[in-house]
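So the structure is just underneath, and the comments pick up after that.
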Amino acid sequence: MVEVPKAKIVITREDKPSSGRYVARVEGKPEAEMTFSKAGEKILIIDHTGVPDELGGLGVGKALVENMVMDVRARGLKIIPLCPFTNATLRKHPEWQDILKDPF
């Protein structure tokens, strides 16, 4: 769970054989998600981050990226950030860039 000043956000990972998503839930609101495809055993391609308007400004998108970074590190994986939001957020946080398959 990641907490930000404006909302309590619970984030979980859902895996399928070749894809998956991180899902952010805020009580009483629609869910936000970050989707990915698996490129082999050690690489995730982050392809989309979607945050409903109702969750705008609460830090949900950044929380999804931060949670993904911690999870990927813990699992020894690397990512390719095709999603524009994830790519831009990682560029703002050099301390998270160690998870990139190819450095910026």
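No value in this document is a laboratory result; all are computed from the given coordinates. All figures in this text were calculated on a predicted structure; none of them were measured in a lab. Every residue, glycine among them, receives a Cβ derived from its backbone with ideal geometry; neighbour counts consider all protein chains shown.
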Helix axis angle, 60-75 relative to the chain longest principal axis, alpha carbon, degrees: 40
Restraint check, K42/K92; K8/K29; K42/K101; K62/K92; K8/K62, Cα-Cα greater than 21 Å: K42/K92
Ranked by how many other beta carbons lie within 10 Å on average, peptides 45-58, 11-24 from highest: 45-58, 11-24
Under-5 Å amide H pairs with H48, H placed in peptide plane, nonlocal only: T35, C83
In Å, descending, principal axis extents of the Cα set of region 2-99: 36, 30, 23
Positive-end residue, the chain charge dipole about Cα centroid, Cβ charges, pick of I45, A24, T35: I45
Set of aspartates and glutamates near K16 by C-alpha distance (under 19 Å), chain-local residues within fewer than 8 positions excluded: E31, E33, E41, D47, D71
Computed E for H93/D47 - FRET, C-beta separation, R0 22 angstrom, nearest 0.05: 0.65
Average Cα contact separation per residue, the chain, under 8 Å, 6 or more apart, as relative contact order %: 21
Stretch gain in nm, segment K38-D102, where the contour uses 0.36 nm per residue and the Cα spacing is subtracted: 21.4 nm
